[in-house]
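J.: One structure, as structure tokens, below. Some questions next.
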Amino acid sequence: MTVTATKGYLVRRLQDAPTVQCVCGQSTRPLTVADHGVCNLHVTFIKNSVRHYHRDCTEVYYILQGQGKMELNDEVVEVEPGTIVYIEPGTFHRLSSEEGVQTIVFGVPPWQEGDEYFE
């Protein structure tokens, strides 16, 4: 698997990316801060994430499969395939689903270890 984009582009296949456990669930990470420092792209399976916020990273969730509820500060919204949720830094968020939700999480600047804050 290529680590950095040295030719002006980077090609990855999801099946080649590492999968890790995180506060949201199981996350496959084809694009991370280590690749180029511009953004991240994670494909994450979430059942019951921990309520948290980021100080630096703006996140966009695109729901691929499943239905659930996303807490955004003090509001709760229903999510289903095709739902896009834009989350600015400082916004508490949490996603829960009995069946589980598969989502693409796109972050700018890229999420980094240490940019998760809890209540």
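J.: Using a/c under 1.5 as the rounded threshold, could you call segment 8-119 rounded, prolate or oblate? The axes a ≥ b ≥ c are square roots of the C-alpha gyration tensor eigenvalues, and prolate needs a/b larger than b/c, oblate otherwise.
T.: oblate
J.: What part of the accessible area of segment 60-119, given as a whole %, is carbon or sulfur when the probe is 1.4 angstrom?
T.: Looking at segment 60-119 in its full context, I get 47 percent from C and S.
J.: Projecting each Cα onto the charge dipole of segment 25-108 (Lys/Arg +1, Asp/Glu -1 at the beta carbon, about the Cα centre), which of 81, 70, 45 comes out farthest on the positive side?
T.: Positive-most Cα among the choices belongs to 45.
J.: Tell me the trypsin sites (Lys or Arg not before Pro) within segment 1-89 that lie in a loop according to DSSP and have at most 15 other beta-carbon atoms within 10 Å.
T.: 7, 12, 13, 51, 55
J.: Hey, another quick one. In Å², and per residue, what accessible area does the chain have when probed at 1.4 Å with the other protein chains present?
T.: That works out to 58 Å² per residue.
J.: Given 19, 102, 92, which one lies farthest toward the positive end of the charge dipole of the chain, if we put +1 on the Cβ of every Lys and Arg and -1 on the Cβ of every Asp and Glu?
T.: After comparing all options, I get 19.
J.: I need the GluC sites (Glu not before Pro) found in segment 10-103, filtered to DSSP loop residues with at most 13 other beta carbons within 10 Å of theirs.
T.: Those that pass, being in a loop and sparsely packed, number zero.
J.: If you put +1 on each Lys and Arg Cβ and -1 on each Asp and Glu Cβ, how big is the dipole of the chain around its Cα centre, in Debye rounded to 20?
T.: Its charge dipole is roughly 520 debye.
J.: Separate question: Between residue 38 and residue 84, what is the FRET efficiency for a Förster distance of 30 Å, r being their Cβ-Cβ separation, to the nearest 0.05?
T.: Computed FRET efficiency for residue 38 and residue 84 comes out at 0.90.
J.: Quick one: if the Förster radius is 25 Å, what FRET efficiency do residue 47 and residue 10 give, using the C-beta to C-beta distance and rounding to 0.05?
T.: 0.25
The values are calculated or read from the model by the stated rules, or taken from the named source; none is laboratory data. Just so you know, these numbers come straight off a predicted model, no measurement behind them. Neighbour counts run over all protein chains shown; Cβ positions are idealised from the backbone, glycine included. Heads up: the accessible areas ignore ligands, DNA and RNA and are worked out on the full protein's heavy atoms, side chains in. Shrake-Rupley method; radii C 1.70, N 1.55, O 1.52, S 1.80 Å.
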